[in-house]
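Read the figures in this text as sums done on the coordinates, not as results from a lab. Given the structure is predicted, the values throughout are model-derived calculations rather than measurements. Note that each Cβ is placed from the backbone with ideal geometry, even for glycine, and that neighbours are counted across all protein chains shown.
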Amino acid sequence: MPSAAEAEPAVQNCTSSTSPAVTWAASPSPTAKPCKRRREDEGLLRSPRDGSTDGAQQHKRRREDEELTRSPLVRSSDQQCNAARQQAMAPPRSFEDDADEEAVFQFHMTRGGVRGLVESGVAFVPPQFVAPVPPVTSAAGAFAAPSVDLSLPRAQAVALVGAAARSFGIFEVTNHGVPAGVIDAALAAVAAFNEQPFAARSPHYSPAPIGATTYATVPIPRPRGVTPATTPLLCWRDSLIVRFDCSRDPELRSIPLPCRDALIQYQRSMARLGRELTGLLLEGLGVEAGRLGKTQGCLMQCHYHPPCPEPERVLGSREHADADLFTVLAQDGVGGLQVRLDDGDGEWMDVAPVPGALKVNVGDLLKVLSNDEYRSVEHRVVAKSAREPRVSIALFFNPIMHGESDFFSPFPELVTAEKPAQYRTLTWLEMLANRVELGHAKPSSLDEFRVTSN
């Protein structure tokens, strides 16, 4: 699963939460002729003679619409370079030195992503993708995630979901009600978009969000002062990331046309499943199903892992736990998802894809609310093939109310004398800011919020 999971850019001008990992700064405004630009802005926003503001608002909306649909290639080369360099470098602590910064900057300027490397015929993995510690899979075999048939009587489904969330933090659901055709169409659309010719997809490439959408190879966050690095600068994947609650792009016009309808339909089809899973997970704790109010899957990460000439030397997604309530993952049959079940000390085990099933994993927010009753499983993705691409879609679910004024702490009924509160009250944004600071390093990004006993 992703990185919520990990390297997920946030759209800072959207109305709800940031995404669960890397926060990209908004695109800088062009700096050329600032006085003239300011005068033009003031003229556009000045009220018409009749005193109404309709004309000014229409001008403003038109300019915003143009910005959403403008290809990054339309920008002047100076503006493009400055914007790309700033976005490639944010946050600064993601990189250890100037050489790292320059490598990522130069890679972004190709606008081809990892797919572009494959198209160029590379026989070896470029240095910025090489994992200093090669990913090793356990010899013990694959991990079979618990399976929950959602057509079972509710009491049975609740018991199975609760047991899986307590024991492993990950399970799969069958008979989930999401049409197979909708899932297949979304996965196929992501593959088709990434496999377009360079000239068709490169105009969408931008490390900074454009409207509700980011399409880029996203750098991996590194904590300050970590030496030597244990992760590569970049994962072997290209990501199309969509915010479905972006106020600047409510009609989602920034989603590339080849996959727009399929992704919107997939997100809508997942709404009922999200409500059902929220209820089952809360009831598994003995908490009322509607306790958190309405939940939504507003952040979607569509990952395309091109075939890799040296799959044993790269990561498709670095190790992390998701920050949300829970994540639902759809994937093709290539495989690559791995979990580590022993609190960061165990071996990595493959989690094989199961046809027709959707994977569900608990996130850090639900771990906090459950007072450590539920686990937020650590996971990553490795490259499995030198010939086949891997495609996955992760949808992250959270309560609608999770802004800076919304506070979370363990449910009171789960706090007892035998098991006092394990976490202090915190906000979603506090937790995300701490994840960025740590860069997913150990100790866990939740340790900052633990209540220490005297």
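Judged by the gyration tensor of its Cα atoms, with axes a ≥ b ≥ c, region 109-239 is oblate; a/c meets the 1.5 cut and b/c is at least as large as a/b.
In terms of its C-alpha gyration tensor, region 235-295 has a prolate overall shape, because the principal axis ratio a/c (a ≥ b ≥ c, square roots of the eigenvalues) is not below 1.5 and a/b outweighs b/c.
The HN-Hα couplings worked out from phi for region 174-179 by the Karplus form 6.51 cos²θ - 1.76 cosθ + 1.60 (θ = phi - 60°) are 10, 6, 8, x, 8, x Hz, whole numbers, x standing for Gly and Pro. Stretching the chain fully between A142 and R272 yields a gain of 43.7 nm (0.36 nm per residue, less the alpha carbon separation). Look at the alpha carbon pairs under 8 Å that are at least 6 residues apart: their mean separation over the length of region 295-353 gives a relative contact order of 22 percent.
Inter-label distance, K294 to E119: 4.1 nm, where each label sits 7 Å from its Cα along the C-beta direction. Computed from point charges on the beta carbon alone (+1 for Lys and Arg, -1 for Asp and Glu), the dipole magnitude for region 315-405 about its Cα centre is near 460 Debye. In terms of packing, defined here as the mean over residues of other Cβ atoms within 10 angstrom, the peptides 255-268, 409-422, 161-174 line up highest first as 161-174, 255-268, 409-422. In this simple spin-label model, placing a label point 7 Å from the Cα along the Cα-to-Cβ direction at both L152 and D245 gives a separation of 3.1 nm.
Amide H to amide H distances under 5 Å link S385 with C308, where only residues 5 or more positions off or on other chains count and H is placed in the peptide plane. Amide H to amide H, with H built 1.01 Å from N, Y423 comes under 5 Å of V451, counting only residues 5 or more places away or on other chains.
Projecting label points 7 angstrom from Cα along Cα→Cβ for R387 and D184 puts them 2.3 nm apart. Would you please classify the overall shape of region 235-387 from the alpha carbon gyration tensor, given that a ≥ b ≥ c denote the square roots of the eigenvalues, rounded means a/c under 1.5, and beyond that prolate means a/b larger than b/c while oblate covers the rest? In terms of gyration-tensor shape, oblate.
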